[in-house]
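Notes follow once the structure below has been shown.
The values are calculated or read from the model by the stated rules, or taken from the named source; none is laboratory data. The model shown is predicted, which means the values in this text are computed figures rather than measured ones. Positions of Cβ are backbone-derived with ideal geometry, glycine not excepted, and every protein chain shown enters the neighbour counts. Calculation scope for accessible area: heavy atoms of the full protein, side chains included, ligands and nucleic acids excluded. Shrake-Rupley method; radii C 1.70, N 1.55, O 1.52, S 1.80 Å.
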Amino acid sequence: MNHAAALPAEEHFETSTGLNTFKLGFWVFLGSETLFFGSLIATYMVYKGASVTPPYPSQILNIPLTSISTFVLLMSSLAMVLALAGVQRGNRAQTLTWLLATAALGSLFLGFQAFEFTEFYHKGLTLQTNLFGSTFFILTGFHGAHVTVGVIWLLMLWVQALRGRLGAERALTVEIAGLYWHFVDIVWIAIFTLIYLLE
Amino acid sequence: MATAEARVRAEFEPHGGTGIWSWITTVDHKRIAILYYVTSVVFLVLGGIEALIIRLQLAQPNGTVISAETYNQLFTMHGVTMVFLMGMPISVAFFNYLIPLQIGARDVAFPRLNALSYWIFLFGGIFLYSSFLVGQAPNGGWFGYAPLTSKQFTPGLNADFYSLGLQALGVASIMGGVNFITTIINMRAPGMRLMRMPLFTWMSFVTSFLLITALPVLAVALFFLTFDRQWGTNFYQVAAGGDPILWQHLFWMFGHPEVYILILPAFGILSDIIPTFSRKPLFGYAVMVYSGCLIGLISWGVWAHHMFATGLGPIADSFFTISTMIIAIPTGVKIFNWLATMFGGQLRFTTPMLFSIATVGLFTVGGISGVMHAASPADLQQTDTYFVIAHFHYVLVAGTVSAVMAGTYYWFPKVTGRFMSERLGKWNFWLFFIGMNLTFFPMHFIGLLGMPRRTFTYSPDLHVTNLNLSATIGAFILAIAFLLLIVNVLISRRNGAPASHNPWGAATLEWATSSPPPEYNFGRIPVIHNREPLWLPGKEEVVEAAQARPGAIHMPPPSFWPFFTAIGIVGTFALFLTGHWWAPLIGVAWTAIGIVNWAYEPTH
C-alpha cells in the first residue's frame, strides 16, 4: 500500500494496446460511418435505373465538371497531409498554410456541389422528381454535410494555430481531424465512381 | 484529454455531492449506470402498463376496453419501449457499471461521451412518450413497415415521432458502442488479456460492435422515412418506382443484429453468474467467447428471415433459412456449456442462480421456436401470428429480462454494499416463472390456431378465448413479479443485509474492490495473471491492490455539457416535427454551442 503514492502519475494513461484512446475511438466511429454511407450507397445502387420519370442521370450528370471537383477534393487530402507534417514538426507557418489550404479546397468542393445542385434544380431535378433525384441528393447531400463539418473543424484548428496553441504536442488533434478528412475523401471516391463513372 | 488530465495529487479528492446537480453533471460510469438502470425500469413499467391494457382488451373475444386506434398505438409503443427504452438501455446499464470494474479500469474511455449517451437516451424516450400528450403516438408497429408509415396512410405525427425518436436513440447507441469498444480494447489492467476477460465483458464487446454497425443502417432507413414524410422524396413510394421492401431490408439489416444486441449481454450475465454458484470455472471459456463472436458475425447474414412472406424467391429463402439455422449452433454451444458448467458443481440455488437456470431453460424454448420459423415454408404459416409473439417473448422476456433480473440480484451487493432480500427474491422468481409461462406459452397455440398479431379483437369462433384469458392472468402475475423486484430494490437499498466485497465468492475482478466501489474503482490497478483472479493463487494481491489507499489518481471532473448537448441533439430531431426546414437548425446551433464548450472545457 505504501508504494501507491510512488507510482508514476502516468500509470492511469497507459493503454493496453499502446494506441491513443482518442485515435482508437475515432477509428471505431469511422467504422460506424462506413455502414452509414454503405447503406446510402447501396440504396442508390438498388434504385439505379428505377426512376419512372426524367430527368435521368445520363441526361444531366456533368462528368467533366465533377471530375474537376473530385480532383480538388483529392488534392485537399494532400494538403491535409502537409498540414499534419507541419504540426508534427512544430512548423507554424507550414501548419497555417496547409490547414487553410485544406479548408479552402474543401470549400471549393462544396462550391462545386452547390453549383451542381442549383444547375440540376434548374434542369428540373429535385428531391421529389424521381428516385434518381431522391437518392442522388440525399447521398451527395449527406456527403456534403460531412465535408462542411470537416471544413468547420479545420477552420477551428486554424484559429488555434493562429493563436499559437497548436504546437507539436497537439499533433494528435490534427491527426484525428485528418483521419476524418481522408475518410470523407475516400467516401467521395466511391460515390464518384458509382454515380458518375459507372454506366 | 488523456495527457491533459494528468494531475498529481497526494491524495484522491472525490468529486463530492449527491444532489440533483451532481447527477446531472456526473461522468462517473457507476452513477451513469444507475441512471440508465432506473430510467429503464421506469420505461419497463410504462411498457408493462401498455401490455396490461392490451391483455385486458384481449381477455375476452370482441373486447371493448379500448378502440382499435388506441390499440395500435399501445402495441407499437409497447414494442418500441421494450426494445429501445428498456431492453437496450438496461443492458447498457450493466455495461456501464461492470465493464470498467471487470477489466480493471477507473472509468470508460470517454466519460463525458458516456454521459451524453445517457441524456440523449432519456430525452429521446421523453420525446417518444410526449406523443401520447397529443394523442398521436406511433401506431405502425415497432418495425413501422412502409408504406403504412407514409404520409398517405399515416397523415398524423405518429410516424414522425417514431422516426425522429428512434433516430435520436440510435445516436446514443452508436456513441455508447464506440465508447465501450475503445474502453475494452484500450483500458484493461496489466495482464488482463482479451482471453482473460470475464464473459460478460466479452459479450458486451461483441454487442458494442453490433451497435456501431447496425444502428447506422437504421439511421439511414429512418432518414429516408423522415425525408419521404417531410420533403416528399420517393424512397418508399411505389408510384415513383420506389420499393417498400427497401424499408424491410434496411430495417431488418439493423433489426436482426438488434436481436443479438438484446440477448448477448444476457448471455454474458449468465456466463458470469453460473460459474459463481456452481463453484466451477466456466466450461469451455474459449469456445464461449468464439461462439459469442460467431453469433455476432452470423447475425449480419440472417435478416431476411423476417421477410419470407414478402416473396424473396427460392434462392434467397434457402440462403436465409440455412444461415438462420446455422446461428442455432453457436447458441446451442452456449447452452450446453452452461449445463456443463453446472454439471458436477456445488450448486447454490440463490435468487440470481434460479433466474439464470430458468433463463437457460426458457430461452431454449424460444430458441427452438426460432429454429421452427427459420424454415421458410413453416414460417409462412407462423408469420404475423401469435406464434411469433410467443417466440420472441420467450427469448426477450425469458432470455434478456430474466437474465437482467438475475444480474440485478447478483450485482446489487456490489452496487450498494447490501444484499437484496432472498425471501422476496424467491417470491419474485416463482411469480416471474409462473407468470411468464402462463402468459406466453398459450400464445404458441393461439398463433397456430390462427389468431393474427396486431389485431385488436378476435371472434369467439376462433376457440382461443381460454388461452387468451390465461395469457391475461399470466400478464398480471408477471406484473406483480416486476413490482416485487422494484419493492425489493427499494427496501434492500437501505435495509438489506450488509455484503462484503465478494459476498458470493465469485471469481471475476469486479468483486476485488470494495462494495460499493469507490469513485476511482481501484486503489491501485491490480495485475492480472489468469481468468479467475479471485479464485486462483495471487488473489490476495489482487484484492489488496484493488482496495489500497488511493494515491495520485485523477478522475475526470463533472461536466454540464453532455446534458446541454443532449438537449440540442434531441431538440434537432424533435424540431423536425414543426415542418419548417429551418427549425432543426436551432437544435443544430444549440448542439454546436454545446460541442464547442465541451471541447474547450478544462478536464483537469
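Neighbours of residue A:48, meaning other residues whose beta-carbon lies under 15 angstrom from its beta-carbon, give a summed charge of -2 when Lys and Arg score +1 and Asp and Glu score -1. Distance distribution note for the range A:118-193: the fraction of Cα pairs above 20 angstrom is 49%.
As a length-normalised measure over Cα pairs under 8 Å and 6 or more apart, the relative contact order of chain B settles at 20 percent. How many percent of the accessible area of the protein assembly as shown is carbon or sulfur, using a 1.4 Å probe? Taking all protein chains in place, the protein assembly as shown shows 71 percent carbon and sulfur surface. Lysine pair count for the protein assembly as shown (Cα-Cα distance under 27 Å; residues 8 or more apart in sequence or on different chains): 13. Solvent-accessible surface (1.4 Å probe) assigned to residue B:243 amounts to roughly 70 Å².
Is any helix in chain B, taking whole DSSP H runs, at least 15 angstrom long along its axis by alpha carbon and on average at least 1.6 on the Kyte-Doolittle scale, and which ones? Long hydrophobic helices here: B:285-298.
For chain A, set up a GNM with springs between Cα atoms under 10 Å and report which of A:147, A:72, A:159 has the largest fluctuation. Per the Cα network of chain A with a 10 Å cutoff, A:159 tops the list.
From the residues B:286, B:256, B:268, which one has its Cα farthest along the dipole of the range B:190-289 in the positive direction, the dipole being from +1 and -1 charges on Cβ of Lys/Arg and Asp/Glu about the Cα centre? The Cα lying farthest towards the positive end belongs to B:286. Residues whose amide H comes within less than 5 Å of that of residue B:418, counting only those at least five positions distant or on another chain, are B:499 (H built at 1.01 Å from N in the peptide plane).
When the square roots of the Cα gyration tensor eigenvalues are ordered a ≥ b ≥ c, the ratio a/c for chain A is 1.5 or more and a/b exceeds b/c, which makes its shape prolate.
Classify chain B: rounded, prolate or oblate, from the alpha-carbon gyration tensor (a ≥ b ≥ c, eigenvalue square roots; a/c under 1.5 rounded; otherwise prolate if a/b is larger than b/c)? Oblate, because a/c is 1.5 or more while a/b does not exceed b/c. When the trypsin sites (Lys or Arg not before Pro) in the range B:442-503 are filtered for DSSP coil states and for at most 15 other beta-carbon atoms within 10 Å of their beta-carbon, the remaining sites are B:454. Placing unit charges on the Cβ atoms of the charged side chains and taking the dipole of the range A:102-184 about its Cα centre, the candidate lying farthest along the positive direction among A:144, A:126, A:173 is A:173. For residue A:142 and residue B:445, the FRET efficiency from 1/(1 + (r/R0)^6), where r spans their Cβ atoms and R0 equals 45 Å, is about 0.40.
Give me the residues in the range B:227-266 whose solvent-accessible area, probe 1.4 Å, is reduced by at least 50 Å² once all protein chains are included instead of the chain isolated. Residues passing the criterion (a loss of at least 50 Å², heavy atoms only) are B:234, B:235.
Any residues in the range B:519-562 that have 40 Å² or more less accessible area with all protein chains than in their chain alone, probe 1.4 Å, and which are they? Checking the loss per residue gives B:524, B:549. Entry note, chain A: the mean residue ellipticity at 222 nm calculated from DSSP H runs of n ≥ 4, each adding -39500 (n - 2.57), is -25000 deg cm²/dmol after division by the residues and rounding to the nearest 500.
Only Lys, Arg, Asp and Glu carry charge here, each on its Cβ (+1 for the first two, -1 for the last two); on that basis the range A:48-199 has a dipole of about 420 debye about its Cα centre. For residue B:480, project a label point 7 Å along Cα to C-beta. Then give me every residue of the range B:413-437 with its amide nitrogen under 16 Å of that point. Residues B:424-437 fall inside that zone. Taking every protein chain into account, the accessible area of chain A amounts to 46 square angstrom per residue (probe 1.4 Å). Interface A-B: total buried accessible area of about 3800 Å², 1.4 Å probe, protein heavy atoms only. The shape of the range B:437-499 comes out prolate: with a ≥ b ≥ c from the C-alpha gyration tensor, a/c is at least 1.5 and a/b beats b/c.
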